[in-house]
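Have a look at the structure below, then the notes.
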Amino acid sequence: MIVAVASGKGGTGKTTVAAALARIWGGDRIAVDMDVETPNLHLFLSPSIAGEQDSTLEVPVVAHPDRCNGCGKCSEICAFKAIVTLGGRPVVFPDMCHACGGCLEVCGRGVLQPGKRVLGSVRWGTATGDTERDPGSLSFLMGQLNVGEAMSPPLIREIGNCLASMLEQTGGDAIIDAPPGTSCPAMSAVRDADVLVLVSEPTPFGLHDLQLAWRAFASAGKPAGVVINRAGWEGGAGDAAMYGFCRDEGLPVLAEFPFERMVAEAYAKGLSLDRASSRHRHAVAKLVSRVSALGSAAQ
Amino acid sequence: MTNRNPTGQHKKVAVSAFGPGLEARPDIRFGRAAGFVIVDPTDDTVAFVANAGAESLGQGAGIAAAEAMARADVGVVLTGSVGPKAAAALAAAGIKVVETCEGRTVGDVVRGYRADPNPQAAP
């Protein structure tokens, strides 16, 4: 079972929930950080990294400019201004390239050759879960986008492919910490998930973005539930509205975590939610069984 | 490329602007300018090329604008500032860039350029 922890709004507690779920889940599982622009799951799981690999995109390189007749077909097919015919020759802007391969396809003169642009890296390793439960093995997988790089979906898809082959070899489950938002990075991250856990907070922004997220994700027809973080937040004034939305959409509220100083202190020390107190550990264990039931019912 | 005149005196001059005509206000942006007022020095005719990518392209507007300049046979671009990708594209097309947009109107900018074709960048 693959569980994706997502949210519309950023900063609602996706990583907090994903780290705690991964630690308490039990059995063999993989914690995956797909929030490649600002990965931070490792801060709460302290994995030891066993390997790292560059993630690249196939971009055109002008290998034989002498063969070019300036026909401009390569730039005509490019929708992203990544290859432009200027002064009768193709000029490549690798940063703009989406790697569709169209220019390579239409150039019949062998002017262009496939080259590589490094987007970021994929890292993997092992972490330690909660030892009181059947520990199983907790593997770790993450991606990190290079600074200045605008295109994260190809890297996120590559992590997805790595995850698929890891699960094929070892079996088990996966908990994905997805990027925030509702655009391509978030959609790429939840694509292969069996269950969606949407983490939100009872603020006007939290509710608004939860509504957006649900509109974006609902069409995939995956079972989903909501975790309300910072529940009962004084001044948040959105608990009733959030409950109303979940009820109307048939989204179960899987857990509520009240706004507590104790949780913030644990977070500041790099401790996952389940380590804030035994009460929190118990609450996370309950969330694990609810998420797991939600996924099993659908399968 | 018919504008490769070695003396550089007969190249078409383009000014990034908010609208057509010599009375238009110059725009200090290159890629996101509304368009370009183009003056042909051989007969002083004035044309306008709308910058289609200014609003439609999320990224690559500067490259698209450079492409439009090459297509319009422009030899010199007078604008406020050119981004790195647009600068590379303009260089590849052999188009000179003067990063100055001094003047209230496009006409002022063109006159300023004719008086001093190689101004020092403002400190």
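The values are calculated or read from the model by the stated rules, or taken from the named source; none is laboratory data. Computed from a prediction, not measured in an experiment: that's the story for all the values here. Backbone-built Cβ (ideal geometry, glycine too); neighbour counts: all protein chains shown. The area values use the complete protein model at the heavy-atom level, side chains included, leaving out ligands, DNA and RNA. Shrake-Rupley method; radii C 1.70, N 1.55, O 1.52, S 1.80 Å.
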| Peptide-level mean, for A:80-93, of C-beta atoms on other protein chains within 10 Å | 6
| said: If you scale each eigenvalue of the Cα gyration tensor by 5 and take the root, what three semi-axes come out for chain A, rounded to whole angstrom and sorted largest first? | reply: 41, 22, 16
| message | Report the B-A buried area as the accessible area lost on both sides summed, probe 1.4 Å, in Å² to the nearest 100. | response | 1000
| Once you charge only the Cβ atoms, +1 for Lys and Arg and -1 for Asp and Glu, what is the size of the charge dipole of chain B about its Cα centre, to the nearest 20 debye? | 240
| message | Could you derive backbone 3J(HN,Hα) for segment A:4-16 from the dihedral phi with the Karplus parameters 6.51, -1.76 and 1.60 (θ = phi - 60°), listing whole Hz in sequence and x where the residue is Gly or Pro? | response | 10, 9, 10, 6, x, 6, x, x, 8, x, 4, 5, 4
| task | Using a 1.4 Å probe on the heavy atoms of the protein chains only, list every residue of segment A:143-192 that has 10 Å² or more less accessible area in the complete assembly than in its chain alone. | result | A:150
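Find the accessible area per residue for chain A; the probe is 1.4 Å, ligands and nucleic acids are left out, and the unit is Å².
45
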| said: For a quick check, take a GNM of chain A with Cα springs below 10 Å and name the residue from A:280, A:208, A:64 with the largest mean-square fluctuation. | reply: A:64
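What part of the accessible area of chain A, given as a whole %, is carbon or sulfur when the probe is 1.4 angstrom?
In chain A, the share of accessible area belonging to carbon and sulfur is 51 percent.
So for the protein assembly as shown, if I pair up every lysine 8 or more residues apart or on another chain, how many of those pairs have alpha-carbons under 15 Å apart? The partial results should precede the final answer.
Details: A:73/A:81; A:81/B:85; B:11/B:96; B:12/B:96; B:85/B:96.
Final tally of qualifying lysine pairs is 5.
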| Overall form of segment B:3-123 per C-alpha gyration tensor (a/c, 1.5; a/b vs b/c) | rounded
| field | Exercise: per-residue mean of other protein chain Cβ atoms within 10 Å, A:3-9 | value | 0
| C-alpha center-to-center spacing [segment A:67-83, segment A:239-254] in angstrom | 51
| request: Beta carbons within 10 angstrom, averaged per residue: use that to sort the peptides B:37-50, A:190-203, highest first. | output: A:190-203, B:37-50
| Buried on assembly, segment B:42-59 (at least 30 Å² less accessible surface than by itself, 1.4 Å probe) | B:59
| query | Could you state the number of Å between the C-alpha centres of segment A:166-233 and segment A:12-36? | reply | 12
